[in-house]
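Student: Would you mind keeping the following structure in view while I ask a few things?
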Amino acid sequence: MDQNLRVLFDRAIVDEPALPSTDLAGAAMVAGTGLRRRRQRLVTAGAAAVAAIAAVGVVNVAAPPQQAPEPTIVPAAFGMLVNKVCEFPARTTVTDAVVFLADNVTDQQRDEVKRALNADPAVRTVVFKSREEALATFQKMYADAPDLVASVKASQFPESYRITLVAREQFARLSVPVERMPGVDEIIGIDCPAGTNASAVD
């Protein structure tokens with residue numbers, strides 16, 4: 001590929017509406033009492049979001065194409081697909097959340113997570129987001145960077161459940177048991193202003 005994907009990604013980000021004033025990785029480290037596993041992943045989320053997408057262009061220089069591993073977009077980087085008027089990850093109160101499923105989630109585990117979310121009184125709505133739907137949203141958000149869009153595959157996005165909460169203070173009670181469920185990678189809270197929601201980009 002002629003152009004460095006890191007440059008294309010940076011250009012796409014510059015053209016987007018401004019993100020919340022706090023750094024995503026920094027916000028994640030101070031958000032709530034997250035598990036050690038989440039804290040270790042999010043400390044490098046800012047760099048991973050760029051590096052994962054740019055990996056194709058970097059590897060093309062360093063190794064033959066047949067040896068290039070498929071880049072993976074980590075769940076924290078998936079925050080790029082959240083409505084930019086919302087705070088992600090949320091630091092205080094939470095109105096919405098994303099439950100990211102593990103890459104090796106089974107059909108049974110996926111269904112059990114959905115049943116648990118639907119049955120929880122703290123949850124108002126539950127919407128499943130497939131890899132293909134996540135890719136479609138990414139393509140729409142970054143349509144002005146065709147080389148970047150062309151380098152990303154559906155397999156690089158995690159499946160997820162997008163949920164809205166009945167009340168802002170219920171996320172802490174909900175997140176711990178959900179994150180411990182088989183097939184769940186992590187759950188991240190989002191705080192959106194009144195009258196908006198995290199999936200408005202769709």
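The values are calculated or read from the model by the stated rules, or taken from the named source; none is laboratory data. Being a predicted model, the structure only gives us computed values, none of them experimental. So basically every Cβ, Gly included, is an ideal-geometry build from the backbone, and we count neighbours across all protein chains shown. These accessible areas exclude ligands, DNA and RNA; they are computed on the full protein's heavy atoms, side chains included. Shrake-Rupley method; radii C 1.70, N 1.55, O 1.52, S 1.80 Å.
Student: Hey, what do the phi angles of segment 183-192 turn into as Karplus ³J(HN,Hα) couplings, whole Hz, using 6.51/-1.76/1.60 and θ = phi - 60°, x for Gly and Pro?
Tutor: 3J(HN,Hα) across segment 183-192, in whole Hz: x, 9, 8, 6, 10, 10, x, 10, 10, 10.
Student: How do K153, K84 stack up against each other in accessible area, from largest to smallest, with a 1.4 angstrom probe?
Tutor: K153, K84
Student: Related question: In nm, to one decimal, how far is the E112 label point from the M181 one, both placed 7 Å along Cα→Cβ?
Tutor: 1.0 nm
Student: Something else now. With a ≥ b ≥ c the root eigenvalues of the C-alpha gyration tensor of segment 82-136, is it rounded (a/c under 1.5), prolate (a/b larger than b/c) or oblate?
Tutor: Oblate is the answer for segment 82-136, as a/c is 1.5 or above yet b/c matches or exceeds a/b.
Student: Sticking with this one: Using only Cα atoms, locate the centre of segment 138-164 and the centre of segment 93-130, then give the distance between them in Å, rounded to an integer.
Tutor: 20 Å
Student: Run the accessible area of segment 92-202 with a 1.4 Å probe and give the carbon-and-sulfur part as a rounded percent.
Tutor: 53 percent
Student: What number comes out for accessible area per residue over segment 96-202 if the probe is 1.4 Å? Units Å², please.
Tutor: Working: 4960 Å² over 107 residues.
Per-residue value: 46 Å².
Student: Explain nothing, just compute: Karplus ³J(HN,Hα) = 6.51 cos²θ - 1.76 cosθ + 1.60, θ = phi - 60°, for every residue of segment 137-152 in order, whole Hz, x for Gly and Pro.
Tutor: Along segment 137-152, the couplings run 5, 4, 4, 5, 5, 10, 4, 7, 10, x, 5, 5, 4, 5, 8, 9 Hz.
Student: Quick check: residue separation of T125 and T93 times 0.36 nm, minus the Cα distance between them. What number comes out in nm?
Tutor: Taking 0.36 nm per residue and subtracting the Cα distance, the gain is 9.8 nm.
Student: Something else now. What shape does segment 76-202 take by its C-alpha gyration tensor, where a ≥ b ≥ c are the square roots of the eigenvalues and a/c under 1.5 counts as rounded, a/b above b/c as prolate, and the rest as oblate? Each step should come with its number before you reach the end.
Tutor: Working: a/c = 2.21, a/b = 1.27, b/c = 1.74.
Note, shape of segment 76-202 comes out oblate.
Student: Once you have the Cα-Cα distance between A136 and N104, take 0.36 nm times their residue separation minus that, and quote the gain in nm to one decimal.
Tutor: 9.3 nm
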